[in-house]
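First comes the structure, then the notes that go with it.
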Amino acid sequence: MQEITVVPGDFSDSRVVALLREHLEGMHASSPPGTVYALDLDALRAPSITFVTAWLDDALAGCGALKELDRTHGELKSMRTSAAHLRRGVGATLLEHLLGVARTRGYRRVSLETGSGAPFEAALALYRRYGFVEGEAFGAYVPSAFNRFLHLDL
């Protein structure tokens with residue numbers, strides 16, 4: 001299997017920008033109005049966000065981010081695998097990397113908000129495989145029949 005390399009995201013790379021655009025468009029296409037909380041390019045540049053990309057040789061395979069909510073709590077954001085690289089371990093590699101960052105920072109918990117239904121089943125299965133469990137809303141999120149909140153105690 002080809003090795004996946006995770007590096008800090010480069011917002012000046014047009015491939016990264018295109019994947020983020022694809023992510024936002026996909027979220028809006030598969031989510032009811034008012035339920036998309038994905039970060040756009042500007043929000044991902046915030047100092048509280050660590051944004052990384054995954055590469056297979058010179059091909060962008062995916063991206064993900066970790067947002068610091070407070071000194072002990074992080075939130076996974078904008079996890080996306082390129083359609084050309086599905087089922088190659090990209091999501092798991094990104095998740096492991098970002099959980100490693102969270103542990104290094106001393107976070108006691110990592111949470112995420114995601115959708116529900118068929119478009120989100122693969123992501124939900126991945127998070128559950130890593131021990132995330134459904135729980136309460138956090139931060140400024142508004143619970144709905146559509147979104148899910150998952151948490152992992154570190």
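Quick note: the coordinates plus some simple rules give every number you see, no bench work behind them. Fair warning: this is a prediction, and the values are worked out from it, not measured in the lab. Positions of Cβ are backbone-derived with ideal geometry, glycine not excepted, and every protein chain shown enters the neighbour counts.
Which is the longest stretch in the chain that no exposed loop site breaks, taking sites as trypsin sites (Lys or Arg not before Pro) with a DSSP loop state and at most 10 other Cβ atoms within 10 Å?
Numbers: sites that count: 71, 87.
No qualifying site falls inside 1-70, the longest such stretch.
Rounding to the nearest 20 debye, state how big the charge dipole of region 4-153 is about its Cα centre with +1 on each Lys and Arg Cβ and -1 on each Asp and Glu Cβ.
For region 4-153, the charge dipole is close to 340 debye.
Give the Rg/Rh ratio for region 4-153, taking Rg as the radius of gyration of the Cα atoms and Rh as the Kirkwood radius, to two decimals.
0.92
Looking at 84, 140, 20, which one has the Cα that reaches farthest to the positive end of the dipole of the chain (charges on Cβ: Lys, Arg +1; Asp, Glu -1)?
So the residue furthest toward the plus end is 140.
For a quick check: sort 82, 111, 116 by the number of other beta carbons within 10 angstrom, fewest at the front.
Lowest to highest Cβ neighbour count: 116, 82, 111.
How many percent of DSSP beta bridges within the chain run antiparallel, rounded to 5?
90 percent
Take the alpha carbon atoms of region 99-114, find their center, do the same for region 52-77, and report the distance between the two centers in whole angstrom.
Result: 11 Å between the Cα centres.
Helix-derived [θ] at 222 nm for the chain: sum -39500 (n - 2.57) over DSSP H runs of at least 4, divide by residue count, nearest 500?
Details: 4 runs with 45 residues, N = 154.
My calculation for the chain gives -9000 deg cm²/dmol from helical runs alone.
Using DSSP loop states and a limit of at most 10 other Cβ atoms within 10 Å to flag GluC sites (Glu not before Pro), what is the longest stretch of the chain containing no flagged site?
Result for the longest clean stretch: 4-135.
Within a Cβ distance under 15 Å of residue 53, other residues only, what is the Lys/Arg minus Asp/Glu net charge?
After counting each charged neighbour, the total is -1.
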